[in-house]
Number of protein chains: 2
Amino acid sequence: METLMLYGDRFWISPYVFSCFVGLREKGLPFRVETLGLDRKDQRTPEYRQRSLTARVPTLVHGEFALSESSAIHEYLDEAFPPPEHPALLPRGLRERARARQLLHWIRSDLPALREERATTTMFYQRASAPLSRAGQADADKLTEVAGAVIPARGGPLFGAWSIADADLAFMLHRLLLNGHEVPAPVRAFAEAEWQRPSIQEYVGRERPPYVAY
Amino acid sequence: METLMLYGDRFWISPYVFSCFVGLREKGLPFRVETLGLDRKDQRTPEYRQRSLTARVPTLVHGEFALSESSAIHEYLDEAFPPPEHPALLPRGLRERARARQLLHWIRSDLPALREERATTTMFYQRASAPLSRAGQADADKLTEVAGAVIPARGGPLFGAWSIADADLAFMLHRLLLNGHEVPAPVRAFAEAEWQRPSIQEYVGRERPPYVAY
């Protein structure tokens, strides 16, 4: 098999690197990680720009093929390493798969105030000290409302079986949980149970260098 | 066949509604459009929130199934209405498909200054009058650099055959072209040729009501 390598960030705070790291582990694929210092603008070197095309992390390198954008990486992994040999990252049912993609794309493109005010540095370095702005609180409310609508009443995975959407939703919710915000009990229970998944704990528990703002 | 309906915005300026409208036309699927006034907060009615889950446009309604997020809609359309009966929105080759998704997701999540300073209102209503900020210009440069890297030297579609990524890249480039910015000749040629596609011209040429800021 051609080797797999994932470019990540050296502080291990990117939600998108998280998502691909967890996805690779869940598929049981051997891979190594190479970290870039976004604080040092490592992503702007000509070599990385050429490989990633868009100068962002993560980039997955599979043999000679390099691919960035986490959602594109999920799909590629499911297609290049399909189930049942490698567990699926996306649900197998047509509509469940559509719903998972909806959630993944929504998490990546909405809730801008929450993503800024409860940046991932507040999850892995210093907790937030300022209260949420009105826009931040509106985003937090929308997040818990959408989460409440997709989390099954009986608990357990979002779409019948675990998918990468479970991990990404739990990560987003931990912006609130780790910063001490109130979250409805069923939503909290889902997020906290998901957080214990070994692939997630491996990412969360990484040793991290002192943070340098960028 | 169960009917297809697309929720759009009444000013016809959403890049994501554009993408789904073009996709439905390219697949040759009969559908109708229902427009919401985002200026009137129509998207926040309980009925639409329940249907869309995330209170954003577009939402595709297929029989009883409602799905939002344009990238999820593309994938759903290709899976529910597969080629060869319905032309594919995403390339058929594994790596070309991955690259198209990379481009689609990048367009949706990067270049924030350009998306704000050359909002789609400047494409369909009043042209921009202020010059780009430094951040806006950096985004414009990055856009033309990435476009230059994916547009084939001989012209023609990005990934061997037309895909929805061609339409979305052309749309993004028209934020610059319609506002009179300099764009490298091969990039301009690609975007202008793509813009003539009937499905795109149908969207672009819609009658639009007077714009109300929101």
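The values are calculated or read from the model by the stated rules, or taken from the named source; none is laboratory data. Remember, predicted model here, so these are calculated numbers, not experimental data. Note that we place each Cβ from the backbone using ideal geometry, even for glycine, and neighbour counts take in every protein chain shown. The area values use the complete protein model at the heavy-atom level, side chains included, leaving out ligands, DNA and RNA. Shrake-Rupley method; radii C 1.70, N 1.55, O 1.52, S 1.80 Å.
Summary table
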| read-out | value |
| --- | --- |
| Near pairs, Cβ below 8 angstrom, 6+ apart or cross-chain, from segment B:138-151 (without any contact (Cβ under 8 Å) to a residue 24 or more places away in the chain) to any residue that is surrounded by 17 or more Cβ atoms within 10 Å (Cβ to Cβ) | B:ALA149/A:LEU53 |
| Qualifying residue in segment A:65-86 (condition: at the interface with another protein chain (Cβ under 7 Å from one of its Cβ atoms), free of Cβ contacts under 8 Å to residues at least 24 places away in the same chain, among the aromatic types (Phe, Trp, Tyr) and buried (at least 17 other Cβ atoms within 10 Å of the Cβ)) | yes |
| Single unsatisfied condition, B:ASP168 versus (1) open to solvent by less than 50 Å² (accessible area, probe 1.4 Å); (2) acidic (Asp, Glu); (3) farther than 29 Å from B:ASP78 by Cβ | (3) |
| Check on A:ALA165, among the small types (Gly, Ala, Ser), closer than 16 Å to A:VAL22 by Cβ, touching a strand residue (DSSP E or B) at 6+ places or on another chain (Cβ under 9 Å) and touching a residue at least 12 places away in the same chain (Cβ under 8 Å) | yes |
| Residue match in segment B:42-59 (condition: farther than 24 Å from B:GLU26 by Cα and of a type in the set (Gly, Ala, Ser)) | yes |
| Where B:PRO184 falls short, out of the listed (1) at pLDDT 95 or above; (2) within 24 Å of B:LEU89 (Cβ to Cβ) | (2) |
| Candidate set: segment B:47-90, residues that are out of contact with any Ser or Thr (no Cβ under 9 Å at 6 or more places or on another chain) and among the hydrophobic types (A, V, I, L, M, F, W, C); chosen: the one farthest from B:ASP166 (Cα to Cα) | B:PHE65 |
| Some residue of segment B:145-168 being of a type in the set (Gly, Ala, Ser) and under 18 Å from B:MET123 (Cα atoms) | yes |
| Pair list, Cβ under 8 Å, 6 or more apart: segment B:34-55 residue under 16 Å from B:LEU67 (Cβ atoms), other residue aromatic (Phe, Trp, Tyr) and loosely packed, with under 14 Cβ neighbours inside 10 Å | none |
| Exclusive hit being open to solvent by 10 Å² or more (accessible area, probe 1.4 Å) and under 17 Å from B:ILE200 (Cβ atoms), set B:VAL33, B:VAL17, B:VAL22 | B:VAL33 |
| Subset of segment A:195-213 [surrounded by 13 or more Cβ atoms within 10 Å (Cβ to Cβ) and of a type in the set (A, V, I, L, M, F, W, C)] | A:TRP195, A:ILE200, A:VAL204 |
| Selection from segment A:100-143 of residues that are within 17 Å of A:PHE190 (Cα to Cα), open to solvent by 10 Å² or more (accessible area, probe 1.4 Å) and away from every other protein chain (no Cβ under 13 Å) | none |
